[in-house]
There are 2 protein chains.
Amino acid sequence: MTSDQTTEQRILEAAKAVFFEKGLNGARMQEIADKAGINKALVHYYFRSKDKLFSAIFEEVSSRVFGRFIAIFRSQDTLEHKIRTFCSAYIDEGISSPYLLSFLFNEINRNPRVIFQQLKGKTNPFMLLRDELTAEIEKGSIRAVNPVNLLLNILSLCAFPIIAKPLLLNAFHIGEQGYLDLMAERKKEVADIIIQYINK
Amino acid sequence: MTSDQTTEQRILEAAKAVFFEKGLNGARMQEIADKAGINKALVHYYFRSKDKLFSAIFEEVSSRVFGRFIAIFRSQDTLEHKIRTFCSAYIDEGISSPYLLSFLFNEINRNPRVIFQQLKGKTNPFMLLRDELTAEIEKGSIRAVNPVNLLLNILSLCAFPIIAKPLLLNAFHIGEQGYLDLMAERKKEVADIIIQYINK
DNA sequence: GTCTATATCGGGATAGAC
DNA sequence: GTCTATCCCGATATAGAC
C-alpha cells in the first residue's frame, strides 16, 4: 500500500491478494481496483483482461515458489541436512503466505491444461528434485526407496498442514497461536520422520 | 443418468459433478440443468437458489466423508491395524472420487465461517480421532507423540497426493496408470512410515 | 412438476474526456 | 495515465402458461 510504488506494482499487489483469497472465478476487478486505490478502467488499461492479469500473477508466484525449493536440494550438504532445511523453509514460507499454496493447487486442479501450457518450457523442479534424490540413492547414502514417493512424502507432510489451515483451526479449536506452535513443532518432527524412514 | 431416479436426485447428482469440477463460483446452473436433463427453472423450483443447492451438496458430502473415517478408528483392532486400514481406505476413496477432496478443501478455505457454521452441532470427527489416539498413547501402545501431529501426519500423507493429482500427472509426466501404481505403492508405504514413527 | 419467456443485475470490458 | 460513463453479455432468479 506504500504509494511510492508504480501503479502497475500496486495493481499486481492488490490482484495477488484478491486472487489468493477468492480464486480466479471469485475475484472481482472492482475489488482489485479498490484495493489498489485506483479505478477499474485503469486495471484494464494495464492488463487488458482479467485472464491476462491472472496469468501474470500465476506466472510470478509459481516460478518463485518452484524456484525456492530447488535451491536447497542443489547445495553440497548432506541429504539429511537438505531435508531438514527444506522442511523448515517450506513450513515457514507457508506460515507467512497462508493463501499461496491453496491458491496454486486450486487453480491447477481447476484448469490443469491451461496452467501447464503456461509453465511449458520452464525447468521442471519436480524432475530435478526426483533426480537429486535418485542420485542420493545410487550414492548409497539412503535406503533404496521410490524417489517419487519420497519426494511426495516430504511435500505432503509440509504442504498439507498449510493448505488445511482453516480446517485445523476450526476442527481442533486451536487459535492462531496454537496453529503456530503446532507448525513450529512440525518443522523438526516432519524431518525426523523422513530421516528415520530413509535410514538404512 | 439412469432416469429411474426422482428429479431431485438427478439434480443433486448433476450438481455434485459440476460443483466438484468447477467449484461454487465456477459452476453454472445451466450446466447443472443440462447434465440433469431438465430445465434451468426446475432447478430453482427444487432448491430455490444456487447457494441452497450448494449447501445441500456440501452437507451431504462432508458428513459422508467425515463419517467414513471415524468408523475405522472405533474398532477394537490394534492401532497398527487401524492405521493400515485407514490409509488403504482413504487412498482408495480418493482414487475413486478424485475431485471430492479438492472440492472440500477449496470451499473450506474460501469460506470457513459459512462452512463451519453449517457443520455446527454435528459431531466433530477430528476431536474423536484425536481422543482415540490420545487414549492409545495413555494405554502405552505407542510412543508419546503429539496426537494432533500424529493425526495430521496420517492425513497429510493420505490426502495430499489425492489433492495434488493433476500436479503429479503433469510434473512427473506419469499417466493415469502410473498414478494408480504410485498410489497402490503408497497404501503400504504410508502406513509403514507412520507405524515406524510411533513404535517405541 | 415442467416448460418458455423474461426480468434483473452484476461484472468485464470499452469509449472518450481530461 | 487516469478518470467517468456506458455498453453488453452472461447468469441467477422469477412469472406464468401448460
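The values are calculated or read from the model by the stated rules, or taken from the named source; none is laboratory data. Small disclaimer: the values here were computed from a predicted structure and weren't measured. Neighbour counts are summed over all protein chains in view; Cβ atoms, including those assigned to glycine, are modelled from backbone coordinates with ideal geometry.
Any residue in region A:162-184 that is in contact with a Ser or Thr (Cβ under 6 Å, 6 or more places away or on another chain), facing chain B (nearest Cβ under 10 Å) and either surrounded by fewer than 21 Cβ atoms within 10 Å (Cβ to Cβ) or modelled with pLDDT of 95 or more (or both)?
Scanning region A:162-184, I find at least one residue that is in contact with a Ser or Thr (Cβ under 6 Å, 6 or more places away or on another chain), facing chain B (nearest Cβ under 10 Å) and either surrounded by fewer than 21 Cβ atoms within 10 Å (Cβ to Cβ) or modelled with pLDDT of 95 or more (or both), so the answer is yes.
Which of the residues belonging to region B:1-48 are closer than 19 Å to B:R110 by Cα and among the polar types (S, T, N, Q)?
Across region B:1-48, the qualifying residue is only B:N25.
Select from region B:19-32 the residues that are away from DNA strand C (no atom under 11 Å from the Cβ) and farther than 14 Å from B:S55 by Cα and write down the one among them that is surrounded by the fewest Cβ atoms within 10 Å (Cβ to Cβ).
By that ranking, first place goes to B:R28.
Could you check region A:189-200 and list, in sequence order, the residues that are in a helix (DSSP H, G or I) and in contact (Cβ under 8 Å) with a residue 24 or more places away in the chain?
Those that are in a helix (DSSP H, G or I) and in contact (Cβ under 8 Å) with a residue 24 or more places away in the chain: A:V190, A:A191, A:I193, A:I194, A:I195, A:Y197, A:I198.
Given the condition at the interface with another protein chain (Cβ under 9 Å from one of its Cβ atoms), more than 15 Å from A:K200 (Cα to Cα) and in a helix (DSSP H, G or I), answer yes or no: does some residue in region A:132-140 qualify?
No, because not a single residue in region A:132-140 is at the interface with another protein chain (Cβ under 9 Å from one of its Cβ atoms), more than 15 Å from A:K200 (Cα to Cα) and in a helix (DSSP H, G or I).
Would you pick out the residues in region A:40-60 that are near DNA strand C (Cβ under 8 Å from one of its atoms), surrounded by 15 or more Cβ atoms within 10 Å (Cβ to Cβ) and within 14 Å of chain B (Cβ to nearest Cβ)?
Passing the criteria: only A:K50.
Of everything in region B:141-159 that's touching a residue at least 12 places away in the same chain (Cβ under 8 Å) and away from chain A (no Cβ under 12 Å), which residue is surrounded by the fewest Cβ atoms within 10 Å (Cβ to Cβ)?
My answer is B:S141.
Do we have B:L180 as in contact (Cβ under 8 Å) with a residue 24 or more places away in the chain, more than 18 Å from B:F73 (Cα to Cα) and either in a loop (DSSP other than H, G, I, E, B) or among the aliphatic types (A, V, I, L, M) (or both) here?
When the stated conditions are applied, B:L180 passes them.
Of the residues B:D77, B:D92, B:D51, which is among the acidic types (D, E) and under 12 Å from the mean Cα position of the chain (by Cα)?
Just one listed residue meets the conditions, B:D92.
Residues that are in contact (Cβ under 8 Å) with a residue 24 or more places away in the chain, within 30 Å of A:R130 (Cα to Cα) and not hydrophobic (A, V, I, L, M, F, W, C): does region A:45-55 have at least one?
Among the residues of region A:45-55, at least one is in contact (Cβ under 8 Å) with a residue 24 or more places away in the chain, within 30 Å of A:R130 (Cα to Cα) and not hydrophobic (A, V, I, L, M, F, W, C), which makes the answer yes.
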